[in-house]
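Report on one structure; see the data block that follows.
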Amino acid sequence: MSEIAIVGTGYVGLTAGACFAHLGHRVVCYDIDKEKIDKLSTGEIPIVEKGLETLVKEGLKENKLSFTSNPQEAVSECKVVFLCVPTPQQTDGTTDTSMLDSAVSLIAQFLPKNSVLVNKSTVPVGSAQEVFEKLDRPDIAVVSNPEFLREGTAVEDFLKPERIIIGSEKPDAAQIVAELYEKVEAPLLITDPISAETIKYSANAFLVTKLSFINSIAAVCEVVGADITDVIKGIGYDSRIGEKYMNPGPGWGGSCFPKDTKSLIHMAGQAGYDFRFLDTAVAVNEEQFDRVVKKISNVVGGDLKGKTVAVWGLTFKAGTDDLRDSPSLAVIKRLQAEGAIIQAHDPTVQEHKEGIPVQVMISKEPLEACENADAVVLLTDWAEYETLDPNKVIERLAEPNLIDTRNVFNPKEWEDRGFTYQGTGR
Ligand SMILES: NC(=O)c1ccc[n+]([C@@H]2O[C@H](COP(=O)([O-])OP(=O)(O)OC[C@H]3O[C@@H](n4cnc5c(N)ncnc54)[C@H](O)[C@@H]3O)[C@@H](O)[C@H]2O)c1
C-alpha cells in the first residue's frame, strides 16, 4: 500500500514523487501518458533534471516508487493524493484548469474515505474550494501546497526548499500533509487555501518584477555608460535589496512565469484590482526581446534580411530541456520576422522539437552553428558556452559579432581577439 499518489508525472510530479520516495514514503505516480509511464517504470527519465534519474532508480529498486497509468490503481489505497497536472494559459490570459478538472473526475470515485487531495499545480485563487465542491465528497479535504522548485535544480529545491506552504480549512488535513515533509528542514507556514494560492502567484510576480527591474536598469546603464555588474554589486550590499536574482538577460520566460503573471493580472482584475504595475513588468519584458533583436540588427548593419544569426541556447534556462515560453524562442521568432536565417545550438536539442520554428537549422555543436554567420548571440547560459575558445569561434563566423545577452563572457578577452562584443548593460 502506498501512502502518496502523484497525479501528473512531469517536472513537478516526477520530482515530488521521487523525492517523497527518497524521504522514505511509498509513492505511486500516475499519468495519462502511458508511454511516459512505461519508460519511467524501467527507470528511463523523459526529462533533463539533475539528480532525478538516480532518485527514480533508487525508488524503484527499494520498492518505494512505482508508476501506473491506471487511476484506480494509483489512488485507491492512498492517504494523500497530489495533483501535479499542467495549468496552462488560455489566449485571454486566464488559467486553463481543464486538465485539473479532468484529473479530479478521473480519480474522484477511487479516492479512499477521508483521504486528502492536495493541489500542487499552480491554480487560480479559490481552486481548492472549487475542487472540493466539484468532488462532492465531504469526507475529503482539499489542501493547497504550492510548489516553488526551479527546473534545473528541482531535486535540490524539493529536498531543501526555502519554505513549505500548506493551505487548508481543516487543521488535521494540514497536519497530515505537513508530516510528509517531516524530514525536510524548512520554515513551514500553515494558512488558509486562498492565502496559500496567493503566495504562489505573489512569489512569481515578485520575481518577474525583479527581472524586469534589473533589465530596465541594464538599459539605463547602456545609455548612460555605467556597468551593470558593478551597479548590481553596489546596490546588492544593501540588505534590503540584495544581489540574488538580479541577473540581466534576454527577458524572462519559461513554463511558469509568463502564464502565472498573466493569470494574476487577470484574477486581480476580475476581483476589482487593476494590477497595472505587473502589466508594466510584462510590457518591459516584451521590450527586452525587442531590444535584443535591435542589438543584433545594429551589429549586422541595421537590416537583418538575409543575415545569418547563430544562436547559442534554446531552452528557457540552463539545466533543463524545457522550451515552453523560452525567451530564446521569442527572440528567434522576432529575428525570423525580420528576415534573418537562424542556426541554433542547444545541448538538449538534437533535432526539431515542438515550439522550435521549422526554419531554424539545428546544429549539433556550438561551433557548427557559427558557420558563416553574421553574428552569434548567446541566449541561454549553458556552462559549455563559457569555455568556448574565441579563436575557434571567429574562424567559423563570417563577421566577428558576439551578443552576450547574459553577460557570461569576459568582454575584454573577446574584444582582444577581434570581436565586436555587446553584453547587457555593460
Ligand atoms: N515546471 C515547474 O518549474 C513548476 C514549478 C512550480 C509549479 N509548477 C506547476 O506545476 C504544475 C505542473 O507543471 P509541470 O511543469 O510539472 O507540467 P508537465 O507538463 O511537465 O507535467 C504534467 C504531467 O501531467 C500529465 N497529465 C495531464 N493531464 C493529466 C490527467 N488528467 N491525469 C494525470 N496526468 C495528467 C501530463 O501527461 C504530464 O506528464 C503546473 O500547474 C505548473 O504551473 C511548475
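Readers should treat all values here as calculations from the given coordinates under stated rules, not as data from a laboratory. No experiment lies behind these values; they were computed from the predicted model shown. We place every Cβ from the backbone using ideal geometry, glycine too, and count neighbours over all the protein chains shown.
Using only the Cα atoms, what convex hull volume per residue in Å³ does the range 4-191 have?
Measuring per residue, one finds 112 Å³ for the Cα hull of the range 4-191.
Rank by packing, highest mean first: peptides 164-171, 138-145, with packing defined as the count of other Cβ atoms within 10 Å averaged across residues.
Ranked from most to least packed, the peptides come out as 138-145, 164-171.
For THR191 and LEU106, FRET efficiency with R0 = 22 Å and r from the beta-carbon atoms, rounded to 0.05?
Between LEU106 and THR191 the formula returns 0.15.
For the range 410-420, just list the computed ³J(HN,Hα) in residue order, Karplus coefficients 6.51, -1.76 and 1.60, θ = phi - 60°, integers in Hz, with x standing in for Gly and Pro.
Each residue's phi maps through the Karplus curve to give 7, x, 4, 4, 7, 5, 4, 8, x, 7, 8 Hz.
Please compute the length gained on full extension between ASP303 and GLU365, using 0.36 nm multiplied by the number of residues separating them and subtracting their Cα-Cα distance.
Length gained between ASP303 and GLU365: 19.6 nm.
Which three semi-axes in whole Å describe the equivalent ellipsoid of the range 1-73, each the square root of 5 times a Cα gyration tensor eigenvalue, listed largest first?
15, 15, 10
Just tell me which lysines come within less than 17 Å, Cα to Cα, of LYS305; anything on the same chain fewer than 8 places away is out.
Leaving aside lysines fewer than 8 places away in the same chain, those within reach of LYS305 are LYS294, LYS295, LYS333.
Using Cα pairs closer than 8 Å and at least 6 residues apart in sequence, work out the relative contact order for the range 4-191, in percent.
20
What ranking do 304-312, 172-180 get when scored by the average of other Cβ atoms within 10 Å per residue, highest first?
Highest to lowest by the protection proxy: 304-312, 172-180.
Ranked highest first by the average count of other Cβ atoms within 10 Å around their residues, in what order do 248-255, 70-77, 291-298 fall?
The peptides rank, most packed first, as 248-255, 291-298, 70-77.
Could you work out how far helix 327-337 tilts from the main Cα principal axis of the chain, as a 0 to 90 degree angle to the nearest 10?
50
In whole Hz and in residue order, list the ³J(HN,Hα) couplings for the range 171-180 that follow from phi through the Karplus curve 6.51 cos²θ - 1.76 cosθ + 1.60, θ = phi - 60°; x for Gly and Pro.
So the Karplus estimates, Gly and Pro as x, are x, 5, 5, 4, 5, 4, 5, 4, 5, 5 Hz.
What are the residues whose amide H is under 5 Å from the amide H of THR191, where those residues sit 5 or more places off or on another chain and H is modelled from the backbone?
ILE166, GLY167, SER168
With bins 20 Å wide starting at 0, give me the P(r) of the chain over every alpha carbon pair, in whole percents.
Binned Cα distances yield the sequence 25, 52, 23, 1.
How many nm is it between the label spots at GLU386 and LYS61, if each spot is 7 Å from the Cα in line with the beta carbon?
So the two model labels end up 3.1 nm from each other.
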